[in-house]
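The values are calculated or read from the model by the stated rules, or taken from the named source; none is laboratory data. Keep in mind that what you see is a predicted model, and the values were worked out from it rather than measured. Neighbour counts are summed over all protein chains in view; Cβ atoms, including those assigned to glycine, are modelled from backbone coordinates with ideal geometry.
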Amino acid sequence: MSVLAPEKPKKIQESLLSRTGAMLIMAVCTVYFLTPIWWLFVGASKSSDQFTSTNPLWFADFNLFANIGDLFAYRDGVFLRWMLNSVLYTGGAALIGTLLAAMCGYALAKYRFHGRELIFNVVLSGVLVPATALALPLFLLFSKVDATNTFWSVFLPSLVNPFGVYLARIYATASVPDDLLEAARIDGSGEIRTFFKVSTRLMTPALITIFLFHFVAVWNNFLLPLIMLGDERLFPVTLGLYSWNTQVNQIPELRGLVIIGALLSITPLVVAFLFLQRFWRNGLGAGAVK
Amino acid sequence: MRKRLSVLLISALALSACGSGGDDTGDTTSAASCAPSSGPVNLTYTTWIPGIENVVKVWNDKNPNIQVKVQTGPNGNGGTYQNFFNQLKAGNTPDLGHIEYDALPSFRVQDGLFDVAGCDIVAKAKDQFIPWTWNQVSFGDEKSAWGIPQDSGPMALFYRADLFEKNNIAIPKTWDEYAAAAEKVKAAGGYITNFSQSDINQFAGFTWQAGGRWFANDGQQWTVNLTDDKTKKVADYWQGLLDKKLVSTVPPWTTEWDNAYNSSSAWTWVSAVWGANSIMSGAPKTAGKWRVAPMPQWSAGEDIAGNWGGSATAVFKNSKHPYEAAQFALWLNTSEEALALLNKEAQLYPATTAGTKYSYLGNPVEFYGDQKIYEVFAEAATKVTPDFTWGPTMTSTYANASDGFKAAVSGQGTLTDALAATQKSTVETLKSQAIPVKE
């Protein structure tokens with residue numbers, strides 16, 4: 001007891017210090033990241049004349065729902081169509097893209113074949129090519145087959161995600177034991193059945209991570225639709241809001257709509273993260289240990 | 001930040017697009033082959049004019065054989081011009097495109113446009129346009145027209161009548177009087193105006209009025225002259241106001257900027273006709289207090305206006321039906337029904353002589369104390385000097401000048417320095433794009 005006594009307070013002091021430090025850093029980060037969203041929320045709740053004349057970080061008269069009503073009514077609800085488009089482009093591409101990445105990564109992890117490392121390295125180098133650089137070549141390709149300004153011109157290029165393949169391979173190596181696959185084979189399960197019934201279950205946290213990454217990447221891929229699309233009814237919400245924002249000089253009342261639109265357009269992302277972050281954290285952990 | 005980033009991306013693309021151009025202009029357009037097509041025609045038209053569908057619908061209802069489909073996107077410099085360039089490379093441009101006057105030369109230089117002067121209907125309609133607007137599409141060449149003028153932005157002086165009266169300040173008729181008024185306004189606790197540090201177009205409008213001519217093309221090569229005496233005069237004038245802190249310098253087109261007007265901190269704005277709407281929606285608290293007067297002059301007794309903005313409807317080189325495209329463009333930009341709708345939907349101010357006199361532009365405007373403000377602009381539209389030419393690389397010229405102006409506003413260098421630097425970089429840009437330029 002007397003030996004341990006002097007050590008005890010020292011230990012607490014240390015952890016208290018580091019804990020306070022950590023909390024402080026986190027608090028600063030939280031403020032840093034949340035202030036723009038707070039600004040957006042407050043701005044979206046104001047009427048247009050109060051928007052310029054009142055404190056940008058605090059509420060004036062609460063007009064959020066009236067503003068949302070205006071936005072939905074503007075030009076026959078084109079905003080809602082953009083949101084729907086975004087969900088289709090993003091949700092669809094992320095779902096199919098995750099499946100493709102999972103199958104590809106799984107195959108690279110669990111099967112031995114000639115050129116495996118070569119394929120993996122080629123895919124990996126794809127991670128380094130930014131989507132921005134691909135937009136113009138893609139436009140020229142789609143022009144050749146007369147398919148620009150269509151749903152597919154944005155959807156098809158969004159399906160693949162080399163980073164997803166990379167993650168899937170790492171996770172599959174770490175979380176799907178070869179013995180288990182061997183056992184499945186002995187029990188007479190086909191390879192495809194094993195993949196869907198056994199391996200994907202084990203890879204679920206990884207797949208959710210891939211899905212989220214892919215979802216965000218497609219949601220934020222702004223240049224591709226900008227270059228491909230001319231038909232307003234095909235726009236994703238990012239491009240639609242951007243178009244409005246470039247016209248603010250000409251039609252100043254659009255500014256309010258852009259702000260409320262921006263607030264609404266981030267809600268799907270926020271919802272996706274809140275629902276899926278639990279899995280994501282697990283997935284990141286699993287990858288880190290191995 | 002995002003805007004800045006996209007500008008970067010777009011200019012990066014512009015570079016890559018330029019690098020490999022040149023060879024794929026296989027079919028040399030035999031100029032002036034502008035004959036009507038037989039049978040039904042479908043045209044595509046890309047523009048960012050708000051509410052354009054309603055205007056085009058009127059045309060489509062009347063012309064079952066020439067159907068126009070509208071495509072849209074962000075404004076020109078926001079991405080649509082870059083899209084046009086990409087589409088020129090891929091050979092799938094729309095038939096018609098919305099191009100601002102200051103961007104038209106860059107499409108001409110890239111050989112992207114169809115010369116509609118060869119269409120007999122265009123030659124006949126030419127006289128309907130205010131001469132200077134026609135010059136914006138012909139580049140001063142009698143025999144060509146690289147689009148149909150659509151709208152114009154004659155400039156005038158918006159001022160707070162109530163504040164000027166209350167403080168016993170006369171409405172300035174010359175720039176000297178304007179500078180003197182600025183001192184009095186400052187003494188009364190305001191700023192005479194806000195100097196647009198990052199939107200160079202306003203400065204270009206001042207220069208246009210003063211007689212500065214930034215670009216010229218003699219058919220062989222371009223001349224760049226951002227530092228001629230007239231431009232210097234304008235730059236020195238505003239530098240003087242900046243040095244004495246008589247003008248505010250919030251960035252244009254922001255909420256701060258709106259607020260400067262809404263809170264009565266800025267008392268005047270020398271702006272284009274479309275500025276009427278900017279004030280109306282940006283400064284709702286000042287309703288009824290604004291009036292419009294002609295632009296201040298460099299010498300007493302003169303009567304010259306500048307222009308800020310305006311655009312053309314151009315026919316692209318790849319269009320298979322240039323005659324019908326020109327026909328639609330003429331209807332869109334000369335007929336009273338179309339001009340009235342364009343004005344209602346998007347506040348476009350016409351480029352035709354008759355257009356400025358239409359009855360709906362003669363109405364009193366409540367926000368401006370029931371002044372018939374458009375009569376002032378109709379007058380100004382006829383006072384714009386005709387020979388101002390834009391260069392073929394305005395995007396980079398604007399960007400460079402804007403960087404220099406922002407520095408000058410924050411005390412580093414002067415506006416004249418900024419223009420000298422822009423002169424140098426513009427000549428370099430032209431050379432790097434293999435556009436012949438006189439040193």
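Observations
- Residue count for segment A:176-214, restricted to those that are farther than 26 Å from A:Val160 by Cα and touching a residue at least 40 places away in the same chain (Cβ under 8 Å): 2
- Listed by position, the helices (runs of 4 or more DSSP H) contained in segment A:7-97 that have at least 2 residues being closer than 30 Å to A:Ser158 by Cα are A:7-44, A:64-73, A:78-87.
- Among the residues of segment A:24-55, those that are within 14 Å of another protein chain (Cβ to nearest Cβ), surrounded by 13 or more Cβ atoms within 10 Å (Cβ to Cβ) and not hydroxyl-bearing (Ser, Thr, Tyr) comprise A:Trp39, A:Leu40, A:Val42, A:Gly43, A:Ala44, A:Lys46, A:Asp49, A:Gln50, A:Phe51.
- Of the candidates B:Val58, B:Val41, the single residue that is on the phi < 0 side of the Ramachandran plot, surrounded by fewer than 22 Cβ atoms within 10 Å (Cβ to Cβ), more than 9 Å from chain A (Cβ to nearest Cβ) and touching a His at 6+ places or on another chain (Cβ under 7 Å) is B:Val41.
- Unmet criterion (only one of (1) within 30 Å of B:Tyr45 (Cβ to Cβ); (2) at pLDDT 95 or above) for B:Lys232: (1)
- Those helices (runs of 4 or more DSSP H) lying entirely in segment B:174-251 with at least 1 residues among the acidic types (Asp, Glu): B:175-187, B:229-243
- Restricting segment A:136-148 to residues that are at the interface with chain B (Cβ under 8 Å from one of its Cβ atoms) and touching a helix residue (DSSP H, G or I) at 6+ places or on another chain (Cβ under 7 Å), the residue that is surrounded by the fewest Cβ atoms within 10 Å (Cβ to Cβ): A:Leu140
- Selection status of B:Ala354, more than 19 Å from the chain's Cα centre (by Cα) and in contact (Cβ under 8 Å) with a residue 40 or more places away in the chain: yes
- Residue selected from segment B:241-291 under the condition within 8 Å of chain A (Cβ to nearest Cβ) and among the polar types (S, T, N, Q), by the criterion farthest from A:Thr52 (Cα to Cα): B:Asn277
- Helices (runs of 4 or more DSSP H) (entirely within segment A:120-193) containing at least 1 residues that are over 21 Å from A:Tyr89 (Cα atoms) and more than 20 Å from the chain's Cα centre (by Cα): A:131-144, A:162-175, A:178-186
- Residues of segment A:149-174 that turn out to be farther than 22 Å from A:Val87 by Cβ and surrounded by 19 or more Cβ atoms within 10 Å (Cβ to Cβ), as a count: 7
- Of all the residues in segment A:209-247, those that are within 20 Å of B:Gly76 (Cβ to Cβ), more than 8 Å from chain B (Cβ to nearest Cβ) and of a type in the set (Phe, Trp, Tyr) number 2.
- A:Leu284 vs. criteria more than 14 Å from every other protein chain (Cβ to nearest Cβ) and modelled with pLDDT of 90 or more: no
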